[in-house]
1. Under a Cβ-Cβ cut-off of 12 Å, what is the net charge of the residues other than Val169 that fall near it, where Lys and Arg count +1 and Asp and Glu count -1?
2. Rounded to the nearest 10 Å², what accessible area does Tyr24 show when all protein chains are kept and the probe is 1.4 Å?
3. At 15 angstrom or more along the helix axis (alpha-carbon based) and mean Kyte-Doolittle of -0.5 or higher, what helices does the chain contain? Whole DSSP H runs only.
4. At 1.4 Å probe size, with the rest of the protein present, what percent of the exposed accessible area of the chain is carbon and sulfur atoms?
5. Sort 120-128, 174-182 by the packing proxy (mean of other Cβ within 10 Å over each peptide's residues), most packed first.
6. For segment 91-182, what does the alpha-carbon gyration tensor say about shape, rounded, prolate or oblate, given a ≥ b ≥ c as the root eigenvalues, a/c under 1.5 as rounded, and a/b over b/c as prolate?
7. Accessible area per residue of the chain at 1.4 Å probe, in Å²?
8. Any chance you could check the Cα centroid distance between segment 133-179 and segment 50-101 for me, in angstrom?
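The values are calculated or read from the model by the stated rules, or taken from the named source; none is laboratory data. None of the values given here were measured: they were computed from a predicted structure. Glycine also receives a Cβ, built like all others from the backbone with ideal geometry; neighbour counts cover every protein chain displayed. Side chains included, ligands, DNA and RNA excluded: accessible areas come from the protein's heavy atoms. Shrake-Rupley method; radii C 1.70, N 1.55, O 1.52, S 1.80 Å.
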Amino acid sequence: MFDFRLRPSTDPGDRMGSWIVLLYHEWMKSEELQRLTASEPLTLEQEYSMQQSWREDADKCTFIVLDAEKWQAQPSTTEESCMAGDVNLFLTNVGDPSLGEIEVMIAEPSCRGKGFGTESVLMMMSYGVTKLGLTKFEAKIGQGNEPSIRMFQKLHFEQVAVSSVFQEVTLRLTVNEHERQWLLEQTSHVEEKCYRDGSSESH
């Protein structure tokens, strides 16, 4: 059980960006996360620059994943203490606007192995299909990240390519009518709320 937040893409004076960047910076010091996400450690300045690009670029969509059990435990609980990771869509294929590249990272160790990644991807795909008109999804995953590969395969993704140069596999899902109905059934519990009203995009 967890909670998604869809933050405004531009919000002058927003303080959330600072704690998100600081938390990401701490998370990405983990050699395990660097290996699983095929990432290099960045300086704090580079992290802030990347966060700014995410806020401004129209071809990226990000949901912050929060642990709802922690969030709902006490009214005074802060977002910082509940953040588990994120799930992202890249809409960068100019030749095929119906294709989105999807990735997920459950960075908080205490939140792994609880189904957060699976439900995060399902919800992001549902958002992509119903809000963005996407009909195809791709996931590029490091060859050594077996748990993530198995997770996407359970979500009906099929392997379509392997890159020995980048040591990654590409999996794809085409959302036909049958897959669309299945996806909507899996996310029928989703409840969307406006973040600016002081609530969240709750799921």
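1. Details: positive: Lys140, Arg150, Arg172; negative: Glu138, Glu146, Glu158, Glu168.
That sum, taken over residues with Cβ under 12 Å, equals -1.
2. For Tyr24, the solvent-accessible surface is approximately 30 Å².
3. Working: long enough: 16-27 (17 Å, 0.60); 44-56 (18 Å, -1.82); 116-131 (22 Å, 0.51).
Membrane-span-like by this rule: 16-27, 116-131.
4. Details: 5460 of 11050 Å².
The computed percentage sits at 49.
5. Values: 120-128: 22.3, 174-182: 12.9.
In decreasing order of mean packing, 120-128, 174-182 become 120-128, 174-182.
6. Details: a/c = 1.74, a/b = 1.18, b/c = 1.48.
Taking the square roots of the gyration eigenvalues as a ≥ b ≥ c, segment 91-182 is oblate.
7. Numbers: 11050 Å² over 203 residues.
Value for the chain: 54 Å² per residue.
8. 19
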